[in-house]
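Encoded as structure tokens, the structure appears first; notes follow it.
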Amino acid sequence: MGMHRWERVAQASGLMAADGTVTSTIFAEMSALATRTGAVNLGQGFPDADGPEHVKDAAVAAIRAGRNQYPPGPGVPALRRAVAQHQRRYYGLDVDPDTEVLVTVGATEALTAAILALVGPGDEVVTLEPFYDSYAAAIALAGAVHRTIPLHPGPDGFRLDPAEVAGAFTPRTRLAVVNSPHNPTGTVLTRAELEVVARAATDHDVLVLTDEVYEHLTYDGATHTPIATLPGMAARTLTVSSVGKSLSFTGWKVGWLHGPAELVTAVRTVKQYLTYVASGPFQEATAVALSDDDGATSTYLTELAGSLQDRRDLLCRALSDAGLAPVVPRGTYFVVADGSGLGHDDGAELCRELPGRTGVVAIPVSAFCTPGGPVAEELRSWVRFTYAKSTTTLETAAHGLARLKG
Ligand SMILES: *Cc1c(COP(=O)(O)O)cnc(C)c1O
């Protein structure tokens, strides 16, 4: 008896109970708990302040100028040009806006369409673990097998082990999904770590799909290195990013992907039958943001990273003071902390208790792991918090977390 694809998705995401009933995600459960208890929601990662006014104004202007019908399939030309410009300006990458860029419905559609386009039953896909939850779902939807490279906590943050990178690749591996800066751990992969992944991908002749939505959100001088900038890698890499995290417009769902023309064509072939196109006026506004003609966007990005670093410090201090040992992240919206120091072996249980005890909602790191797998076990006591919230909100959370000590 074959399982339906949706059942595989539910299973891969830990949503299928033993009796076959389907549960909602832990994200939905925790957001409902936050609403019910009035707790501060540090579970879901979205900012509580909108992005820059000049970009909002560009969206309003595009609507008023009548840019309200279907945009072109690959995305509006101005945005494809702006993506190419952005990749050249920040990373020295040479991208053809006409053949090598595809605009998508957020990074999520770029990732899912790429996985559906490039792998199928019998193929293996390698990702880091923990992983952003949509990867496992998309791999299951494609009918492929998911293998992972664990990130282990240590004095230098969560790091990968080169031997485990080599061990994750097999003759059946078709695609490696990289994510740096990394959600949920906040790790910014070093050039040396990226080289280990690049070597494995090259040795096994595997394509690379890299999720760089936090490319501009790095701290303490950490620099983001796109894996496509490593020697020889541009030819086998699809790079994904979006406007959501960089510019604090998560509701706009404008994303993009770029890479070799034949790979972009493959992804566009699938994407055009998922959504065809979306968000015309928001694409126009994102083009204004990325082309950054007057420098307003780069100023915003610098200020956002600085302010997020301060908010990270506030939350990390509160977590340490409360006895929830955090691993200080070098990027993203998130920090993960170990509940075992407070005697909590089960992060999911801790997250169900936190709202009542502290007025704070978090997400167990096991939600970003293969259900029942070794990494879920290793990180069982860990929980994830976001600091992409106002200082006032984080101070309220810090005050509540202090009660854990009492
Ligand atoms: C938020 C997030 C996404 C989704 O990006 P959208 O542009 O909103 O689709 C993808 N990957 C990671 C790692 C994220 O944290």
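The values are calculated or read from the model by the stated rules, or taken from the named source; none is laboratory data. The structure presented is a predicted model; accordingly, all values stated were derived computationally and were not measured. Cβ: placed from backbone, ideal geometry, glycine included. Neighbour counts: every protein chain shown. Note: accessible area is taken over every heavy atom of the protein model, side chains too, but ligands, DNA and RNA are not part of it. Shrake-Rupley method; radii C 1.70, N 1.55, O 1.52, S 1.80 Å.
General observations
- The peptide list 179-190, 128-139, 78-89, put in order of mean Cβ contacts within 10 Å with the highest first, becomes 179-190, 128-139, 78-89.
- Per residue, the accessible area of the stretch 53-294 comes to 37 Å² when a 1.4 Å probe rolls over the protein heavy atoms.
- Cα centroid separation, the stretch 306-331 to the stretch 333-395 (Å): 13 Å
- Per-residue [θ]222 nm for the chain (sum of -39500 (n - 2.57) over DSSP H runs n ≥ 4, rounded to 500): -13000 deg cm²/dmol
- With every protein chain in place, the stretch 1-90: carbon and sulfur % of accessible area (1.4 Å): 55 percent
- Packing-based ranking of 221-232, 313-324 yields 313-324, 221-232, ordered from highest to lowest mean Cβ neighbour count within 10 Å.
- Averaging 1/r across all pairs of distinct Cα atoms in the stretch 53-294 and inverting the result yields a Kirkwood radius of 18.1 Å.
- One way to sum up the overall shape of the chain is the equivalent ellipsoid from its Cα gyration tensor, whose semi-axes run 32, 26, 21 Å, largest first.
- Counting only lysines at least 8 places from Lys253 when in the same chain, those with an alpha carbon closer than 23 Å to its own are Lys56, Lys245, Lys271, Lys389.
- Volume of the Cα convex hull of the stretch 34-142, divided per residue and given in Å³: 211 Å³
- Summarising the strand pairing of the stretch 123-177, around 30 percent of its internal DSSP beta bridges are antiparallel.
- Alpha carbon centroid spacing (whole Å) that separates the stretch 64-100 from the stretch 219-266: 13 Å
- Straight-line reach from Lys405: taking Cα to Cα under 15 Å and skipping same-chain neighbours fewer than 8 places apart, the aspartates and glutamates in range are Asp321, Asp338, Glu353.
- When the convex hull of its Cα atoms is viewed from all sides, the stretch 190-330 shows a mean projected area of 11.1 nm².
- Principal axis extents of the C-alpha atoms in the stretch 186-263 (largest first, rounded to whole Å): 39, 34, 15.
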